[in-house]
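Visitor: Questions regarding the structure given below will be posed in turn.
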Amino acid sequence: MIGPVIAEVLPFAVALAMVPTPVIKMVRMLLSGQARTNGIAYITGRALGFLVAVAIVLVLGGAVHLATHRTASLVAAVIKLLLGVLLILAAAWLWRDRSDPDDEPQPPGWMRRTSASRPISTFAVSFLIAGADPRNLPSTIGAGLDIAQAGLPVGRSAIVLAVFVVVGTATVVLPLFVYLASGPAVQRKLDPFKAWLVANNQTVLTVVFLLLGVVLIGKGIRGIIA
């Protein structure tokens, strides 16, 4: 059945969608030059980055027969458990290191430099960050392991993967739709949204890490004792 597998990977996709930094990056691009082409390039790179990252885990999982071998399945459960613990620790560190509410939030330097870059550069950076960013790896690894363990046919695995990518990129697609629908007037709508995300980036990321960590720990324990 494909439905239960989609339900298993949805928390990972939602976690990817809730990370604020890519949304901030998209909004900054839409408020700069080449908004349309850069926005499409950014979304395409992000979607393909997720696709490749999960596909690599899925292929490796198939190679070690995660769906049928108990030992391989146990290793996958331990990986999920360890990833969950790391995320909980990361959430605790982020919470302790959060900025003072009175401080003026500043976007990362790479974000300021690439907001007006060429589409090919935007695509490349988006692809690499989506696939290799440590904030994304727990979700892409977890989703790949879940799909591999399900033992679905290739076609159905592709459908699950497509749903994962669509949900994971939804929050960067939405600002582009708003821009295309509103044109230059979009700045009045997106400026407050961007300011809130920049100000609350660390808090939102802390919550995402905490919830995803709990999900992964639960999946890991369930796999170990099953």
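The values are calculated or read from the model by the stated rules, or taken from the named source; none is laboratory data. All of these numbers come straight from a predicted model, not from anything done at the bench. Every residue, glycine as well, gets a Cβ built from its backbone with ideal geometry; the counts of neighbours run over all protein chains shown.
Visitor: Out of curiosity, is Leu83 buried (at least 19 other Cβ atoms within 10 Å of the Cβ), at negative phi, part of a helix (DSSP H, G or I) and not hydroxyl-bearing (Ser, Thr, Tyr)?
Guide: Judged against the criteria, Leu83 is a match.
Visitor: Then there is this: Exactly one condition in (1) on the phi < 0 side of the Ramachandran plot; (2) in contact (Cβ under 8 Å) with a residue 12 or more places away in the chain; (3) among the small types (Gly, Ala, Ser) is not met by Ala181; state its number.
Guide: Ala181 satisfies all of (1) on the phi < 0 side of the Ramachandran plot; (2) in contact (Cβ under 8 Å) with a residue 12 or more places away in the chain; (3) among the small types (Gly, Ala, Ser) except (2).
Visitor: It is to be established whether one or more residues within the stretch 48-57 are without any contact (Cβ under 8 Å) to a residue 24 or more places away in the chain, surrounded by fewer than 16 Cβ atoms within 10 Å (Cβ to Cβ) and assigned to a helix (DSSP H, G or I).
Guide: no
Visitor: Report, ordered by the first and then the second residue, all pairs with beta carbons closer than 9 Å, sequence separation of six or more or different chains, a first member in the stretch 24-47 that is over 14 Å from Ala124 (Cβ atoms), and a second member that is outside any helix (DSSP H, G or I) and hydrophobic (A, V, I, L, M, F, W, C).
Guide: Arg28/Ala116; Met29/Ala116; Ser32/Ala116; Gly33/Ala116; Gln34/Ala116
Visitor: Here is a further query. Counting only residues that are at pLDDT 75 or above and touching a helix residue (DSSP H, G or I) at 6+ places or on another chain (Cβ under 7 Å), which one in the stretch 177-189 is nearest to Gln34 (Cα to Cα)?
Guide: Ranking the qualifying residues of the stretch 177-189, first place goes to Tyr179.
Visitor: Please give the number of the condition Ala63 fails out of (1) surrounded by fewer than 16 Cβ atoms within 10 Å (Cβ to Cβ); (2) more than 27 Å from Leu211 (Cα to Cα); (3) touching a Lys or Arg at 6+ places or on another chain (Cβ under 8 Å).
Guide: Tallying (1) surrounded by fewer than 16 Cβ atoms within 10 Å (Cβ to Cβ); (2) more than 27 Å from Leu211 (Cα to Cα); (3) touching a Lys or Arg at 6+ places or on another chain (Cβ under 8 Å), Ala63 fails exactly one: (3).
Visitor: With the condition being among the aromatic types (Phe, Trp, Tyr) and closer than 17 Å to Ile43 by Cβ, I'd like the helices (runs of 4 or more DSSP H) fully within the stretch 113-226 carrying at least 2 qualifying residues.
Guide: Hits in the stretch 113-226: 119-132, 154-182.
Visitor: Additional query: Do you know which of the residues in the stretch 28-55 that are of a type in the set (S, T, N, Q) and at pLDDT 85 or above is nearest to Val160 (Cα to Cα)?
Guide: The extreme case among them is Thr44.
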